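These notes concern the structure reproduced below.
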Amino acid sequence: MGLVEEIQKRRTFGIISHPDAGKTTLTEKLLLFGGAIQTAGAVKSNKIDRHATSDFMEIEKQRGISVATSVMGFDYRDMKINLLDTPGHQDFAEDTYRTLTAVDSVVMVIDCVKGVEIQTEKLMEVCRMRATPVISFINKLDREGRDPYDLLDEIEEKLDIKVLPLSWPIGMGKTFQGVYNLYSKKLVLFESNKQKLADEHIEITDLSDPELEKWVGESAAEQLREDVELIEGVYPEFDPEEYMAGKLAPVFFGSAVNNFGVQELLDCFVDIAPQPKPRSTEEREVEPEENKFTGFVFKIHANLDPKHRNRIAFVRVCSGKFARGSNYLHVRHDKKFRFSNATAFMAQQKETIDEAWPGDIVGLYDTGNLKIGDTLTEGEKGLFKGIPSFSPEIFREVVNLDAMKTKQMDKGLSQLMDEGLAQLFTFELGSRKVVGVVGMLQFEVMQHRLKNEYNATVRFDPINLFKACWISSKDEKALDAFVKDKYRHIARDKEGKLVFMAESRAWMQMVQDNFPDIEFHFVSEF
Ligand code: G4P
């Protein structure tokens, strides 16, 4: 098979949701369909249990498991599907954001009882930044949930995306009978059964067919006809281009735990979801069909074996063919590296692979040369754009407790930052080091790993900070003047970029008002 065919059969996506909406359950069912796992419960172990978050060792254990399930590849209907796992735990939200840079589309799970929740809103913002196509799966229809019209309205309103139901529920909770698939014009009857694999489909292309009454009863049939008439009147026909542009989210209803509606979702996904898309570098757009290999690192998983300090870098192939054992240019280092031990991920196994194609994820064993955002090419020098860091809101000052181990601490901190665990800011004045994170859990993880992997002992002291934001200005003099004026509050991030460290929201606002020539950025890419 040639490059073009390999690209056409690939679908690389991620599932996003607020914790508990059913992401793990849905993942598992998709893998069952793809034949990648045989038993339910196999994926569950990947989930970091919210209730066990104070238990650090538990997290370490989970981290070990999660490397195998970071990327789950499976085949379905002649397609090669790559499902990228996104950690559900909110303290690892940055990891999720970065993973989303490596997918071509997402499936968003929403709990029909709870509706759109905060984490979904945040994740959707990231999708919107990159115009990622989204399909929505409204889950847990076996429970008494909210009115489906309300749910659709809420998605449109809170997530700022148009919706189009492609299936419609018949009843809900106790009265839930199934869905009518508007996409394939089939009635799918619900049966509460966690073990079954496929749903029973009844072909009803014309809803006025009296057969409908036979299956769902008179009142439900009447209601469904009314609903479908209304939907068809209100919502325009499915426009694939709008979906591809990330402006329209097709919506499916189902119950993941009962394996209901999952196949509908998967079938439609395979039909409409995008194949690997072009990716931008600083200079140009790279088409997947280009013959030369390019790829970028979006995730690093370290500490596979603490004795050897090795780690796995996850690389998304963007164009051409990746061949194991070839020399590739590490653009940031301007140096060629040979990767002889590339790994692919099939469900829960890792296997050595000889080649990979656009849309695929390869795992490269690394001893510290690669970091998040790095580009690999066959010689071209451009760097891929788009692995942003977000302005953190939780800060601690790093206090070194063992002066003899300063070097180790610096190295450890630097490597942990490469993995994207947190962000390090160094104040211009006095070189104080401050770490900013998305979730408190990160401090515990860092402290533990600095001790165990680098033999450095640190303490994280509270520091009065509200936000760190990157600054720039079209007027260089204005920027210089600002840095001088606010020198006590200026730091550098790991790349040396200027950062303003604001102590409070009100003060931040005042500074913004007083310095109109300075741009304050809340994402590191601007
Ligand atoms: P997450 O990864 O998004 O955090 O959610 P997860 O799949 O773990 O699902 C959260 C809970 O919701 C689980 O229950 C799961 O069984 C349940 N669930 C998922 N899909 C459905 C559904 O369609 N209907 C209903 N009623 N429940 C659903 P749990 O009690 O936390 O775990 P478990 O003991 O059932 O495994």
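Coordinate-derived values only; no laboratory data. Because the structure is predicted, anything quoted here is derived from the model rather than measured. As a convention, Cβ positions derive from the backbone with ideal geometry for all residues, glycine included, and neighbour counts pool all protein chains shown.
Take every pair of alpha-carbon atoms less than 8 Å apart whose residues are at least six positions apart; their mean separation over the length of the chain yields a relative contact order of 13 percent. With the simple model of a label 7 Å out from the Cα in the direction of the Cβ, residue 509 to residue 225 spans 5.7 nm. Phi-derived couplings, Karplus 6.51 cos²θ - 1.76 cosθ + 1.60 at θ = phi - 60°, listed residue by residue for the range 490-502: 9, 9, 10, 7, 5, 8, x, 6, 6, 10, 9, 9, 8 Hz, with x used for Gly and Pro.
Near the amide H of residue 466, within less than 5 Å, lie the amide hydrogens of 502, 503, 504, all on another chain or at least 5 residues away, with H placed in the peptide plane. Put simply, the amide H of residue 111, placed in the peptide plane, has neighbours under 5 Å in 139, leaving out anything fewer than 5 places away on its chain. The amide H of residue 280, built 1.01 Å from its N in the peptide plane, has 286, 385 as neighbours under 5 Å, considering only residues 5 or more places off or on other chains.
Model label sites at residue 431 and residue 237, defined 7 Å from Cα along the beta-carbon direction, differ in position by 6.8 nm. Here the spin labels are modelled as points 7 Å beyond Cα on the Cα-Cβ line, and at residue 131 and residue 444 they lie 4.2 nm apart. Taking only Cα atoms, what is the 0 to 90° angle, nearest 10, from helix 262-272's long axis to the longest principal axis of the chain? Tilt relative to the chain: about 70 degrees.
Once the chain from residue 335 to residue 485 is taken as fully extended at 0.36 nm per residue, the excess over their C-alpha distance is 50.0 nm. Going by Cα centres, the range 95-141 and the range 432-506 are how many Å apart? Between the Cα centre of the range 95-141 and that of the range 432-506, the gap is 29 Å. Could you give the angle, 0 to 90 degrees to the nearest 10, between helix 406-418's Cα long axis and the longest principal axis of the Cα atoms of the chain? Roughly 30 degrees between the two axes. For the residue pairs 23/114; 29/299; 9/185; 29/385; 299/486; 299/385, the alpha carbons lie more than 23 Å apart in 29/299; 9/185; 29/385; 299/486. For residue 390 and residue 215, a Förster radius of 56 Å and the Cβ-Cβ distance give a FRET efficiency of 0.70, rounded to the nearest 0.05. Between residue 457 and residue 201, the contour length at 0.36 nm per residue exceeds the alpha carbon distance by 86.1 nm. In terms of packing, defined here as the mean over residues of other Cβ atoms within 10 angstrom, the peptides 159-165, 504-510, 178-184, 209-215 line up highest first as 178-184, 159-165, 209-215, 504-510. Restricting the trypsin sites (Lys or Arg not before Pro) of the range 348-394 to loop positions (DSSP other than H, G, I, E, B) with no more than 13 neighbouring Cβ atoms within 10 Å leaves 381. Dividing the helix sum by the residues of the chain, where each DSSP H run of 4 or more adds -39500 (n - 2.57), gives a mean residue ellipticity at 222 nm of -8500 deg cm²/dmol. Give me the number: length gained by fully extending residue 160 to residue 517, i.e. 0.36 nm times residue separation minus the C-alpha to C-alpha distance, one decimal in nm. Roughly 125.5 nm would be gained on extension.
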